[in-house]
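Once you've had a glance at the structure underneath, I'll fire off some questions.
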Amino acid sequence: MQLMLNRRRFLASATSAVVASLGGAVESLAAEAPLETSTIRLAKIRGICIAPQFVAEELLRLDGFTDIRYVMAEAGYAQAEQIARGDVDFSLNFAAPLALAIDAGEPITLLAGVHSGCFELFGNESIRGITDLKGKTVGIQGLGSTPHVFVTSMAAYVGLDPQRDIRWVTNPSVRPMELFENGKVDAFLGFPPEPQELRARNIGHVVVNSAIDHPWSQYFCCMLAGNANFVRNNPVATKRVLRAILKAADLCVAEPRRVARQIVDGGFTANYDYALQTMSEVPYGKWRDYDPEDTIRFYSLRLHESGMLKSSPQKIIAGGTDWRFLNEVKRKLKM
């Protein structure tokens, strides 16, 4: 009961911070077509950079959804597969694994970029730049995981051959961060709250911070993807899900303390301080500034260079994206 009251207070005060910029600019529900479905399934992962997805529940209820479920998922390609199978209707996910899934023919539709700057590459004293990864060990959850794809993209960008120049280390029983902590690998790519924890404990040092380091800071990390069949059959519901996620992203900017408290109270993460750092550091407002197509083109080129992606960037864009919903929301905002 207390959690419900906290959520209601959160929405009552926090939503007012963004209603003038987003909610108030969109037509009222009464003027819209009825929802095709009132059930929405979203992914739940260990990473909290997708906080807009976690705090969107009550906003979705205000938009008419009555059955909102969070389904446990693994970030990266596995998460994309869950979207493709229809286990999850929508989720924020890193752009590169989504491009790989589209290349493989998975029924996924990218709808928008939401934020940049959620990953940090940590290294030991032997690594000062991305080129220093040559001949070194990098801990990952598995081949095709988000850290694997991200580091592959970075390595290809600086001219390394990710398959030959990097020694990938996986251990199904030990988290990659633990391998790095124990000195079993030279580098590790972390997503919130992992970077916040490592920095707090003075373990390793940051080699790349995608919130501030070019070119990574100029592109989206996480994009909103939907099951292609759901998007095609439920355009009204799709638009409202996108709108709620973007409202929630604006809440992360306007009310970081309240959002951090809500995702802790909601059981999405345990440490409030790390959650607040994440809300304060990740650029959640970039959905207004960046072109999502640029992101897909950039990462598709990097993955194509590394041999992981067969299709051209234009083919990925043509077959796996639909920006009409985003453009409509922006049009209402007169952006």
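The values are calculated or read from the model by the stated rules, or taken from the named source; none is laboratory data. For clarity, every value in this text was computed on a predicted model and none was experimentally measured. Cβ coordinates were reconstructed from backbone atoms using ideal geometry, including for glycine residues, and neighbour counts include every protein chain displayed. The area values use the complete protein model at the heavy-atom level, side chains included, leaving out ligands, DNA and RNA. Shrake-Rupley method; radii C 1.70, N 1.55, O 1.52, S 1.80 Å.
Can you work out which of the residues in segment 314-335 that are buried (at least 17 other Cβ atoms within 10 Å of the Cβ) and either among the β-branched types (Val, Ile, Thr) or over 20 Å from the mean Cα position of the chain (by Cα) (or both) is modelled with the lowest pLDDT?
VAL329
Condition check ((1) touching a residue at least 24 places away in the same chain (Cβ under 8 Å); (2) more than 30 Å from ARG243 (Cβ to Cβ); (3) of a type in the set (Gly, Ala, Ser)) across all residues:
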{"site": "ASP103", "(1), (2), (3)": "yes, no, no"}
{"site": "VAL114", "(1), (2), (3)": "yes, no, no"}
{"site": "GLY123", "(1), (2), (3)": "yes, yes, yes"}
{"site": "ILE127", "(1), (2), (3)": "yes, yes, no"}
{"site": "LEU133", "(1), (2), (3)": "yes, yes, no"}
{"site": "GLY142", "(1), (2), (3)": "yes, yes, yes"}
{"site": "VAL151", "(1), (2), (3)": "yes, yes, no"}
{"site": "LEU160", "(1), (2), (3)": "yes, yes, no"}
{"site": "VAL174", "(1), (2), (3)": "no, yes, no"}
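Out of segment 137-168, which residues are among the hydrophobic types (A, V, I, L, M, F, W, C) and surrounded by fewer than 17 Cβ atoms within 10 Å (Cβ to Cβ)? Give the derivation first.
Pass one, segment 137-168, residues among the hydrophobic types (A, V, I, L, M, F, W, C): 138, 140, 143, 149-151, 154-156, 158, 160, 166, 168.
Once the filter is applied, which keeps residues that are among the hydrophobic types (A, V, I, L, M, F, W, C) and surrounded by fewer than 17 Cβ atoms within 10 Å (Cβ to Cβ), segment 137-168 yields LEU143, VAL158.
Something else about it: From the residues in segment 191-203 that are in a loop (DSSP other than H, G, I, E, B) and open to solvent by less than 50 Å² (accessible area, probe 1.4 Å), which one is modelled with the highest pLDDT?
First, the residues of segment 191-203 that are in a loop (DSSP other than H, G, I, E, B): 191-193, 201-203.
If we keep only those that are open to solvent by less than 50 Å² (accessible area, probe 1.4 Å) too, we end up with 191-193, 203.
On the way: PHE191: 91, PRO192: 92, PRO193: 93, ILE203: 96.
Looking at residues that are in a loop (DSSP other than H, G, I, E, B) and open to solvent by less than 50 Å² (accessible area, probe 1.4 Å), I get ILE203.
Let me ask you something else. Of the residues that make up segment 14-35, is at least one over 15 Å from the mean Cα position of the chain (by Cα), exposed (fewer than 15 other Cβ atoms within 10 Å of the Cβ), on the phi < 0 side of the Ramachandran plot and at pLDDT 80 or above?
Yes - at least one qualifying residue is present in segment 14-35.
Here is a follow-up. Given the criteria open to solvent by less than 10 Å² (accessible area, probe 1.4 Å) and touching a helix residue (DSSP H, G or I) at 6+ places or on another chain (Cβ under 8 Å), does VAL71 qualify? Can you show your working first?
Numbers: open to solvent by less than 10 Å² (accessible area, probe 1.4 Å): no; touching a helix residue (DSSP H, G or I) at 6+ places or on another chain (Cβ under 8 Å): yes.
The answer is no for VAL71.
Something else now. Go through segment 169-190 and count every residue that is of a type in the set (Asp, Glu) and either part of a loop (DSSP other than H, G, I, E, B) or surrounded by fewer than 15 Cβ atoms within 10 Å (Cβ to Cβ) (or both).
Of segment 169-190, the ones of a type in the set (Asp, Glu) are 178, 181, 186.
In the following step, the residues that additionally are either part of a loop (DSSP other than H, G, I, E, B) or surrounded by fewer than 15 Cβ atoms within 10 Å (Cβ to Cβ) (or both) were identified as 178, 186.
So the count comes out to 2.
Going residue by residue through segment 216-239, is there one that turns out to be farther than 30 Å from LEU35 by Cβ, without any contact (Cβ under 8 Å) to a residue 24 or more places away in the chain and of a type outside the set (Gly, Ala, Ser)?
No, every residue in segment 216-239 fails to be farther than 30 Å from LEU35 by Cβ, without any contact (Cβ under 8 Å) to a residue 24 or more places away in the chain and of a type outside the set (Gly, Ala, Ser).
Conditions (1) aromatic (Phe, Trp, Tyr); (2) open to solvent by 10 Å² or more (accessible area, probe 1.4 Å); (3) not in a helix (DSSP H, G or I), marked per residue:
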residue	(1), (2), (3)
VAL88	no, no, yes
ASN93	no, no, yes
LEU100	no, yes, no
THR109	no, yes, yes
ALA112	no, no, yes
GLU125	no, yes, yes
GLY135	no, yes, yes
